[in-house]
Amino acid sequence: RLYKKEIIKRYKSENIYFYSSNIKEDDIKMKTAKTFLNKLYGGDMKSLVLNFAKNEELNNKEIEELRDILNDISKK
C-alpha cells in the first residue's frame, strides 16, 4: 500500500524487490515536529519555545542564536 501511495519507491534486481523512502528526511522531520507541536502544545509555538527556554540551561551562544533566528523571522 505504501508503494501505491508513493510513500516508498521500489526497484527490482534479479527477481528481488528493493524498497527505499520516497520522502525527504527534512519533510519527515517537519511533519513530525508539527505533529509534536499540535499534540503537546495545541499548535502554540510560543508555548513550546518558552517551555524549552525556561527548562533548559541555555548558554550565551544559544541565546544569541535564538535572538538571531527571531530577528530574521521578524524581518520577513
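Before rounding to the nearest 500, sum -39500 (n - 2.57) across all DSSP H runs of length at least 4 in the chain and divide by the residue total; then give [θ] at 222 nm in deg cm²/dmol.
It comes out at -19000 deg cm²/dmol, rounded to the nearest 500.
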**Report entry** Amide H within-cut-off set for Ile8, under 5 Å, with H built and near neighbours excluded
**Finding:** Tyr3, Asn22
Query raised in the report: Which pairs, out of Lys24/Lys46; Lys4/Lys34; Lys9/Lys31; Lys31/Lys54; Lys24/Lys76, put more than 22 Å between their alpha-carbon atoms?
Result: Lys24/Lys46; Lys4/Lys34; Lys31/Lys54; Lys24/Lys76
Report summary line: hull vol. (C-alpha, convex hull) per residue for the chain, Å³ -> 178
Query - Value of relative contact order over the chain, rounded to a whole percent, pairs C-alpha under 8 Å and six or more apart - result: 13
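At most 10 other Cβ atoms within 10 Å and a DSSP loop assignment: could you name the GluC sites (Glu not before Pro) in the chain that fit?
Passing both the DSSP loop test and the Cβ count: Glu6, Glu14, Glu56, Glu57.
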Requested in this report: Taking the Cα centre of the chain as origin, sum charge times position over the Cβ atoms of Lys and Arg (+1) and Asp and Glu (-1), and report the length of that vector in debye to the nearest 20.
Outcome: 660
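Coordinate-derived values only; no laboratory data. Everything numeric in this text was worked out from a predicted model, so none of it was measured. With ideal geometry, Cβ positions are generated from the backbone for all residues, glycine too; neighbour counts draw on all protein chains shown.
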